[in-house]
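Accompanying notes for the structure given below.
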Amino acid sequence: MWSAPASTQRKMSHSPNLLPPNLSDGSADPDRQRAGDAPTGKTVWLKRIELFLRVMIRLYVGALVLLLPWTHLWQENRFLNYSPQLSHVATLGVVRGIVSGIGLLNLWIALSDAIRYRES
């Protein structure tokens with residue numbers, strides 16, 4: 001089998017350094033310097049807003065998915081009217097229970113995220 005010359009193999013044996021010399025060791029990286037410092041006010045508020053939105057969206061979607069299979073909207077769905085086989089499967093109690101279980105799991109995740117939040 002053909003192999004590259006030794007000079008080419010030596011050049012390819014290490015990966016190129018894509019960062020400037022002052023950033024390659026991490027000493028000038030502002031994120032690494034602030035890792036031991038207390039988080040700034042802006043960072044704390046962004047984390048709080050992100051947590052609030054994540055929990056609220058999960059609560060809303062979880063409640064919707066938990067309750068929707070047991071309403072008339074689940075049976076009178078115009079998309080399911082095009083497929084009678086799929087409509088029959090969707091109205092089975094097992095399928096409704098699985099969908100509701102996914103909604104309950106989503107609610108559980110949202111509440112556990114809200115309870116376990118700690119500002120560090």
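Express in % the proportion of alpha carbon pairs of segment 40-120 at distances exceeding 17 Å.
57 percent
With each pseudo-label sitting 7 Å past Cα toward Cβ, what's the ILE115-THR43 distance in nm, one decimal?
Here the answer is 2.8 nm between the modelled labels.
We did not get these values from a lab; they are worked out from the coordinates using the rules stated. These figures come from a predicted structure and were not determined experimentally. Reconstructed Cβ throughout: ideal geometry from the backbone, glycine too, with neighbour counts over all protein chains shown.
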